[in-house]
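Notes follow once the structure below has been shown.
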Amino acid sequence: MHKFAICDDEPLHRERLAQSVYNHLSGQPAELRLFASPAMLLQEIAAHGYTPDVAIVDIQMGEMGGIELAKRINETLPQCAIIYATSYLGFATDIYETEHAYFILKREFDQRIGSALQKALTRKPLPILHYPVSQGFRNTPCSQVLCMERILRRTKLTLLGGTEEWTPLTPAELLDADSAQQFIRCHQSYWVNFQRIETMENDCFWLPNGLRVPISRTYRNAAREQFFSRLHT
């Protein structure tokens, strides 16, 4: 049975979204839970282990908006698909800061929720890095990692937005068969996320926010071959 979380701070909109989802499920067993704020949803996840399969979130809410809520869900429940519902098209570009399955204008919700649910429920699980940090463990979608750098006995992960995390695991220990497909080793110490490469030059990859990652002579041919082969997959 699939679990759906609906988060909207407007009661009428919240009920309308829930009714539309219920109608499109066509009698399939499902659990729908409604939340009046991002804080309530995050509290349920953190305190009670709530794990929705799909979260339908309004973008413009009170103290915390839907995009920030989606970022938190991406971090704590990367397997949860996000569907944005909003009245304002102006937020369309901001949603790409997060992992999400669909974006729907509320005036078109009834027409598009069927396609959105199908995509959300059939999407391939995101490759995730699992690693220990100084205070516990992290589960980070590979798509949020720009690059990894091995420094002495620790690995530095540079994430979207410029934040950094450190773990004692080596990149070889971090990457499994699925996640390894997203990274290219380009130096004795560096691995880059192929999906985040903006430009390749002879001696470096350029990543978002002007981040430059060197390509060493030793790894140059292999890195170039992997880069071009993945452009066509």
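The values are calculated or read from the model by the stated rules, or taken from the named source; none is laboratory data. Owing to the predicted nature of the structure, the values given are computational and were not obtained by experimental measurement. FYI the Cβ positions are ideal-geometry reconstructions off the backbone, even for glycines, and counts take in every protein chain you see. In case anyone asks, the SASA skips ligands and DNA or RNA and just uses the protein heavy atoms, side chains included. Shrake-Rupley method; radii C 1.70, N 1.55, O 1.52, S 1.80 Å.
Restricting attention to region 1-17, which residues are under 19 Å from Leu121 (Cα atoms) and open to solvent by 60 Å² or more (accessible area, probe 1.4 Å)?
So the first thing to find is which residues in region 1-17 are under 19 Å from Leu121 (Cα atoms), and the list is 1-7, 17.
Result: Met1, His2.
Checking each residue in region 49-61 for being within 21 Å of Phe109 (Cβ to Cβ) and either open to solvent by less than 20 Å² (accessible area, probe 1.4 Å) or touching a residue at least 40 places away in the same chain (Cβ under 8 Å) (or both) picks out Pro52, Asp53, Val54, Ala55, Ile56, Val57, Asp58, Ile59, Met61.
Just a yes or no: is a residue in region 204-222 within 30 Å of Gly136 (Cβ to Cβ), of a type outside the set (A, V, I, L, M, F, W, C) and not in a loop (DSSP other than H, G, I, E, B)? Within region 204-222 (the criterion being within 30 Å of Gly136 (Cβ to Cβ), of a type outside the set (A, V, I, L, M, F, W, C) and not in a loop (DSSP other than H, G, I, E, B)), the answer is yes, since at least one residue qualifies. Looking only at residues of region 203-233 that are more than 22 Å from the chain's Cα centre (by Cα) and among the hydroxyl-bearing types (Ser, Thr, Tyr), we find that the one that is most open to solvent (accessible area, probe 1.4 Å) is Thr218. The number of residues in region 89-115 being small (Gly, Ala, Ser), in contact with a strand residue (DSSP E or B) (Cβ under 9 Å, 6 or more places away or on another chain) and more than 16 Å from Ile73 (Cβ to Cβ) comes to 2.
Could you run through region 128-158 and say how many residues are open to solvent by less than 90 Å² (accessible area, probe 1.4 Å) and in contact with a strand residue (DSSP E or B) (Cβ under 7 Å, 6 or more places away or on another chain)? Of the residues in region 128-158, 19 are open to solvent by less than 90 Å² (accessible area, probe 1.4 Å) and in contact with a strand residue (DSSP E or B) (Cβ under 7 Å, 6 or more places away or on another chain). Consider region 169-202 and keep the residues that are modelled with pLDDT of 95 or more and part of a loop (DSSP other than H, G, I, E, B). The one that is surrounded by the fewest Cβ atoms within 10 Å (Cβ to Cβ) is Gln188. Would you confirm whether any residue within region 18-36 is at pLDDT below 90, open to solvent by less than 30 Å² (accessible area, probe 1.4 Å) and more than 26 Å from Gly161 (Cβ to Cβ)? Yes, the conditions are met somewhere in region 18-36.
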